[in-house]
1. Subtract the Cα-Cα distance of Lys285 and His181 from 0.36 nm times their separation in residues, and report this length gain in nm to one decimal.
2. Please give the per residue accessible area of the range 58-202, computed with a probe of 1.4 Å over protein heavy atoms only, in Å².
3. How large is the charge dipole for the chain, taken about the Cα centre, if only the Cβ atoms of Lys, Arg (+1) and Asp, Glu (-1) carry charge, to the nearest 20 debye?
4. Considering only protein heavy atoms and a probe of 1.4 Å, how much of the accessible area of the range 123-239 is carbon and sulfur, as a whole percent?
5. Taking +1 at the Cβ of each Lys and Arg and -1 at the Cβ of each Asp and Glu, which of Asn28, Gln203, Ala218 sits farthest along the dipole of the chain towards its positive end, judged by Cα position relative to the Cα centre?
6. For the range 16-118, which trypsin sites (Lys or Arg not before Pro) pass both filters: DSSP loop (anything but H, G, I, E, B) and at most 14 other C-beta atoms within 10 Å?
7. Among Leu114, Gly257, Asn185, flag the residue with its Cα farthest along the positive direction of the charge dipole of the chain, charges on Cβ as +1 for Lys/Arg and -1 for Asp/Glu.
8. Just the accessible area for Val291, please: 1.4 Å probe, Å², rounded to the nearest 10?
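The values are calculated or read from the model by the stated rules, or taken from the named source; none is laboratory data. Owing to the predicted nature of the structure, the values given are computational and were not obtained by experimental measurement. Glycine also receives a Cβ, built like all others from the backbone with ideal geometry; neighbour counts cover every protein chain displayed. Accessible surface is based on the protein model in full, side chains and every heavy atom, while ligands, DNA and RNA are left aside. Shrake-Rupley method; radii C 1.70, N 1.55, O 1.52, S 1.80 Å.
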Amino acid sequence: MRLIWIALAAAAAMLTGPASGQQWPARNVKLIVPYPAGGNVDSAARIIADKLQEKLGQPFIIENKAGAGGMIAGEAFAKSAPDGYTLFVGANGPVLFATEINKRDAYNWKKDFLPITTISMTPLVLEVHPSVQATTFKEFIDLAKREPGKLTMASPGPGTTNHLLSELMQSSLDLQWVTAHYRGNAPAVNDLLGGQVQFAFDQLTVSLQHIKAGLFRALAVTSPHRLKSLPDVPTFAELGYKDFDGQTFTGLFAPAGTPAPVIDKLHEALTAILKDPAVVDKFEKLGGEAVAMTPDEFKAYLAREDAKWIPIVRKANIKAD
């Protein structure tokens with residue numbers, strides 16, 4: 001009799017636990033963000049947190065955990081219980097590059113992270129200070145070839161998509177310039193505004209206002225199509241450089257082992273949220289595009305990005321400061 005009661009209790013626990021997906025979420029859900037408040041990834045997390053709370057009936061709480069290029073947050077997340085109550089809003093650096101750049105085997109997205117969906121894609125824009133004698137990408141390349149090592153690129157940090165795109169371009173086109181690393185986008189942009197550095201590959205979120213004001217000159221964007229906000233600026237693909245398509249993704253992850261019904265519920269909710277015109281508009285104002293992939297599509301995308309950029313990290317011997 002005692003064994004029967006134990007079996008019945010175990011069956012009841014399975015039905016009411018996260019594996020059933022029926023009772024989840026029954027309490028607050030934590031979204032770990034690997035950057036300080038106010039940036040691209042944090043903004044994306046806050047947009048979806050509010051909407052997920054509306055849709056699923058429980059608060060989705062943001063926890064900003066910055067440091068080590070996002071690796072501190074990634075490591076904490078990878079150790080979280082796979083119960084659906086701790087999720088990760090990640091981006092290229094923390095998910096794909098941080099452990100390689102920091103030379104620490106703290107986690108591996110392929111075994112520790114369960115991709116749920118992308119949230120947004122944010123293109124980069126190649127922008128120059130008005131003092132630079134180049135009004136097109138071709139003129140920029142010609143200038144860099146005539147005066148190797150003279151131009152300085154403002155990078156928001158080693159191993160960022162911005163930095164990796166710069167390394168890829170130098171390697172592919174046999175160019176050479178100086179890379180000045182900053183601790184984030186804000187100081188990099190400030191020095192570009194002041195003319196201490198000559199150009200940058202930057203998220204449109206940060207730069208659009210300065211481009212519109214004529215303080216920066218945009219030469220090309222990394223998006224697959226021209227942007228509504230910069231309709232006169234060509235894509236790199238248009239110019240014949242399809243490899244220069246680096247974008248910053250934000251995506252939602254659960255710890256490996258999280259029950260499939262929870263993943264399905266999250267994916268269904270987010271797919272609907274990211275089609276909401278108000279949400280689409282919010283991401284456009286951030287310089288990005290709301291994009292929902294299936295878990296399998298997201299995993300395949302990450303694998304392609306990993307295969308493309310990790311060799312660049314190793315070839316350029318990129319290390320954390």
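1. Values: separation 104, 0.36 × 104 = 37.44 nm, distance 2.68 nm.
Extending this stretch completely gives an extra 34.8 nm.
2. Details: 5370 Å² over 145 residues.
I get 37 Å² per residue for this part.
3. Values: 32 positive and 32 negative charges, 101 e Å.
Approximately 480 debye in magnitude.
4. On the way: 2530 of 4950 Å².
Here carbon and sulfur together make up 51 percent of the probe-accessible area.
5. My answer, from the dipole projection, is Asn28.
6. Numbers: sites: Arg27, Lys30, Arg46, Lys51, Lys55, Lys65, Lys79, Lys103, Arg104, Lys110, Lys111; in loops: Arg27, Lys65, Lys79, Lys103, Arg104.
Those that pass, being in a loop and sparsely packed, are Arg27, Lys79, Lys103, Arg104.
7. Gly257
8. In the full protein context, Val291 sits at about 30 Å².
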